[in-house]
Amino acid sequence: MASDNIVDDYFVERIENVSFANGVFRVTMGTQEESNTRAAVRLIIPANQISSILQGMASAARNIDQKVQAKMSQTVAKPSASGAKKTGPAKKVTPAKRAPKKK
């Protein structure tokens, strides 16, 4: 039996247009095709819900960004075993003694 919770997926690259009329925001999103853009989907959002929807999207984007940054810093902190160069403690270098000047 097929699931009743099937959701359509849309690939979008930009916001084409945003309009407001009769208490409803219409957000048209589209894709880039060579030099033109093509509308892909339109979100119809009640005005009393727009703030919470935008805040939710911004919060989700921040969370994803934080996870990506944490993952990147872990990768930088742990060099790969194959390319890692093992070194011992630094050696103390003493300056060479100069011979006394001859008169």
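Every number here is computed from the coordinates shown, using simple stated rules; none is lab data. Note that the structure is predicted; figures quoted are calculated from it, not measured. Cβ sites come from the backbone with ideal geometry, for glycine too, and all protein chains shown count toward neighbours.
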May I ask you to evaluate 6.51 cos²θ - 1.76 cosθ + 1.60, the Karplus curve with θ = phi - 60°, for each residue of the range 46-58 and list the ³J(HN,Hα) values in order in whole Hz, giving x for glycine and proline? x, 4, 6, 10, 4, 4, 5, 5, 5, 5, x, 5, 5
List the residues whose amide H sits under 5 Å from the amide H of Glu13, counting only those 5 or more places along or on another chain, with H placed 1.01 Å from N in the peptide plane. Gly30, Thr31, Gln32
I need the peptides 62-72, 37-47, 22-32 ranked by packing, meaning the mean over residues of other C-beta atoms within 10 angstrom, with the highest value on top. 22-32, 37-47, 62-72
